[in-house]
Amino acid sequence: MKGMVGLFRMGCLAAILVVAGSAMAQQPGVSDTEILLGDAEPLTGPAALLGLSHQIGVKIAVEETNAAGGINGRKVRYVFEDEAYQTPRMIQAVRKLLDVDKVFAITGLSGSGQTLAVMPMLEKAGVPTVISVAPVEPMWQPARKNIFVVGQSYNQGVRELVRYLSQKYPGKRWGLITQDDDYGYYVRDGFEAGAKANKINVVFSTNFRKGQQDFSAEILRLKEAAVEIFIMAGIITENVAMMKELEKHNIKPVTAIFWVGRIEPVLRLMGPISDGMYVVDYVDSLAMAGGQEFLKKAKKYVSEAELKGIHRYTFTSYTGAKVLFEAMRRCGRNLTRECTIAELEKTKDFESGVMTPISFGPGIRFSSQKLQVLRADFGTLSFRPAD
């Protein structure tokens with residue numbers, strides 16, 4: 001009888017081990033030696049400066065982690081898809097990452113509209129996802145179990161920018177030009193809330209088509225309205241084109257942009273007229289202490305060409321990837337998506353060195369970063385904290 005009981009217990013133990021082994025085997029993108037991660041960013045097209053820099057940040061996080069032995073003995077490998085800042089391409093890219101590559105987790109997606117379009121796919125797959133580009137409220141309201149967003153909302157960002165500028169330049173005439181997509185609409189909502197709260201005088205406001213390059217008509221109307229403080233809500237090339245039109249017509253309002261276009265190469269493209277331009281952001285600039293320390297570290301892992309491509313989107317992607325890696329590390333060798341999601345939720349005051357600490361929590365999937373106002377210095381092609 002005792003022998004039978006022993007055999008029964010051994011059979012149960014074997015069954016448990018088989019089930020546990022099967023559970024591990026079923027984890028997409030995880031082998032005994034490797035963890036496969038995925039990302040979809042614009043690597044071509046007008047927003048490529050953002051996507052390529054993001055890619056560099058993930059690469060640095062991966063190389064740094066692998067150089068330290070990987071995550072509990074497994075090396076990290078990642079695959080990137082080019083979504084070219086287009087919604088159909090994003091849908092195609094995420095479908096490939098999930099169904100063909102079978103990645104364990106996703107380290108980033110670009111563009112608010114594109115990302116919102118693939119939210120149902122991400123939720124259905126249950127794939128741990130950290131988004132560090134283009135945060136808008138529908139990404140975290142309502143909270144989605146497996147999706148975590150690092151950053152600050154466009155709405156809150158532009159409200160802080162309006163508050164700061166209205167106090168520094170009281171009694172001025174304001175103008176706003178926004179892109180006609182989700183990004184532009186959220187900026188406009190925040191601007192209107194900030195305008196009401198700070199009682200500013202808005203004399204000109206309009207939208208432009210996504211990808212538009214000719215702003216002659218809009219800038220002439222802005223000139224006719226005698227705008228003294230002008231906020232541009234384009235991405236990169238649109239902001240450059242608007243600044244060139246201001247220069248062409250010798251119009252010199254106080255200018256400000258959003259963090260979406262806050263990269264150092266933009267200053268070179270804009271030229272001297274960019275000097276003194278304001279920007280609101282939650283990420284350190286390259287000229288700040290955190291940025292300088294990051295550049296020293298990056299030299300170990302990237303080429304000279306990649307080093308020149310580092311800017312704020314490198315910092316955000318690096319931070320997002322490191323938050324994900326730390327959650328995976330806390331799961332130990334028995335790495336699962338469920339454990340990773342649970343550990344991401346426990347993230348508290350995570351430091352990356354290039355932005356304020358990251359925290360999530362039960363039902364909290366948005367880190368809500370502290371904002372700062374920076375100012376462009378064309379002479380050094382840099383952004384520094386405003387007075």
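The values are calculated or read from the model by the stated rules, or taken from the named source; none is laboratory data. These numbers come from a predicted model, not from an experiment. In this analysis, Cβ positions are derived from the backbone assuming ideal geometry, glycine residues included, and neighbour counts consider all displayed protein chains. Note: areas computed on protein heavy atoms with side chains; ligands, DNA, RNA excluded. Shrake-Rupley method; radii C 1.70, N 1.55, O 1.52, S 1.80 Å.
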Checklist entry - Dipole of the range 173-290 (Lys/Arg Cβ +1, Asp/Glu Cβ -1, origin at the Cα centre): which of Tyr183, Thr255, Phe208 lies farthest to the positive side? => result Thr255
Next on the checklist: Report the gain in length on full extension from Glu123 to Asn250: 0.36 nm times residue separation, minus Cα-Cα distance, nm rounded to one decimal.
Outcome noted: 40.7 nm
Checklist entry - In the range 182-294, if every C-alpha pair distance is counted and binned at 5 Å from zero, what percent goes to each bin? => result 2, 10, 21, 24, 21, 12, 6, 3, 1, 0
Checklist entry - Can you give the calculated 222 nm mean residue ellipticity of the chain, where each DSSP H run of n ≥ 4 adds -39,500 (n - 2.57) and the sum is split over every residue, rounded to the nearest 500 deg cm²/dmol? => result -14000 deg cm²/dmol
Next on the checklist: Through the Karplus equation 6.51 cos²θ - 1.76 cosθ + 1.60, θ set to phi - 60°, convert the phi angles of the range 125-132 into ³J(HN,Hα) values in whole Hz; use x for Gly and Pro.
Outcome noted: 6, x, 7, x, 9, 10, 10, 10
Checklist entry - Alpha carbon centre of the range 227-292 versus the range 356-387: separation in Å? => result 16
Checklist entry - Using θ = phi - 60° and the Karplus form 6.51 cos²θ - 1.76 cosθ + 1.60, what ³J(HN,Hα) does each residue of the range 254-263 get, whole Hz, x for Gly and Pro? => result 5, 10, 8, 10, 9, 4, 4, x, 8, 10
Checklist entry - What's the local net charge at Arg173, with K and R +1, D and E -1, over the other residues with C-beta under 12 Å away? => result 0
Next on the checklist: In whole percent, and with a 1.4 Å probe on the protein chains, what portion of the accessible area of the chain is carbon and sulfur?
Outcome noted: 54
Checklist outcome for this item: Treating only Lys and Arg (+1) and Asp and Glu (-1) as charged, each at its beta carbon, one finds that the chain has a dipole about its Cα centre, in Debye to the nearest 20, of 760
Item to check | Cα pair distances of the range 228-387 binned at 5 Å [whole percent] | outcome: 2, 8, 16, 18, 15, 13, 11, 8, 5, 3, 1, 0, 0
Checklist outcome for this item: Correct semi-axes for the range 258-307, from √(5λ) of the alpha-carbon gyration tensor and rounded to whole Å with the largest first, are 23, 14, 9
Checklist outcome for this item: Regression test value, accessible area per residue of the chain, probe 1.4 Å, units Å², expected 42
Item to check | Solvent-free Debye scattering, log10 I(q)/I(0), computed from the Cα coordinates of the range 308-387 at q = 0.16, 0.18, 0.22 Å⁻¹ | outcome: -0.70, -0.82, -1.05
Next on the checklist: Quick check on the range 60-178: take the gyration tensor over C-alpha atoms, sort the square-rooted eigenvalues as a ≥ b ≥ c, and tell me if it's rounded (a/c under 1.5), prolate or oblate.
Outcome noted: prolate
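Listed here are the pairs Lys296/Lys346; Lys145/Lys346; Lys168/Lys199; Lys196/Lys244; Lys199/Lys370; which of them are more than 21 Å apart at the Cα?
From the list (Lys296/Lys346; Lys145/Lys346; Lys168/Lys199; Lys196/Lys244; Lys199/Lys370), the Cα-Cα distance tops 21 Å for Lys296/Lys346; Lys196/Lys244; Lys199/Lys370.
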Next on the checklist: Counting only other residues whose beta carbon sits under 10 Å from that of Val254, what net charge do I get with K and R as +1, D and E as -1?
Outcome noted: +2
Next on the checklist: Under the rule of at least 5 residues apart or a separate chain, name every residue whose amide H is placed under 5 Å from the amide H of Gln179.
Outcome noted: Gly184, Phe208, Ala233
Checklist outcome for this item: P(r) of the range 164-218 over all Cα-Cα pairs, 5 Å bins starting at 0, rounded to whole percent, reads 4, 18, 27, 21, 16, 12, 3
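Where Rh is the Kirkwood radius over the Cα pairs of the range 120-223, the temperature 4 °C and the viscosity 1.567 mPa s, what D in µm²/s does Stokes-Einstein return?
Answer from the Stokes-Einstein relation: 82 µm²/s.
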Checklist entry - Using modelled backbone amide H atoms (1.01 Å from N, in-plane), which distant-in-sequence or interchain residues come within less than 5 Å of Val133's amide H? => result Leu109
Item to check | Distant-in-sequence amide H partners of Lys75 (H built 1.01 Å from N, under 5 Å) | outcome: Glu34, Ile35
Item to check | Rg over Rh [alpha-carbon atoms, Kirkwood Rh] for the chain | outcome: 1.06
Checklist entry - Ordered by residue, what ³J(HN,Hα) values in Hz, to whole numbers, does the range 148-158 give under the Karplus form 6.51 cos²θ - 1.76 cosθ + 1.60, where θ = phi - 60° and Gly and Pro are x? => result 10, 10, 9, x, 9, 6, 4, 4, 5, x, 6
Item to check | Cα-based helix-to-principal-axis angle, 289-298 vs the chain, degrees rounded to 10 | outcome: 50
Checklist entry - Around Gly108, with a cut-off of 10 angstrom between Cβ atoms, what is the net charge of the other residues, counting Lys and Arg +1 and Asp and Glu -1? => result -2
Item to check | Stretch gain in nm, segment Lys296-Asp387, where the contour uses 0.36 nm per residue and the Cα spacing is subtracted | outcome: 30.1 nm
Next on the checklist: Can you compute the FRET efficiency between Ala226 and Lys370 using 1/(1 + (r/R0)^6), with r the Cβ-Cβ distance and R0 = 30 Å? Round to the nearest 0.05.
Outcome noted: 0.30
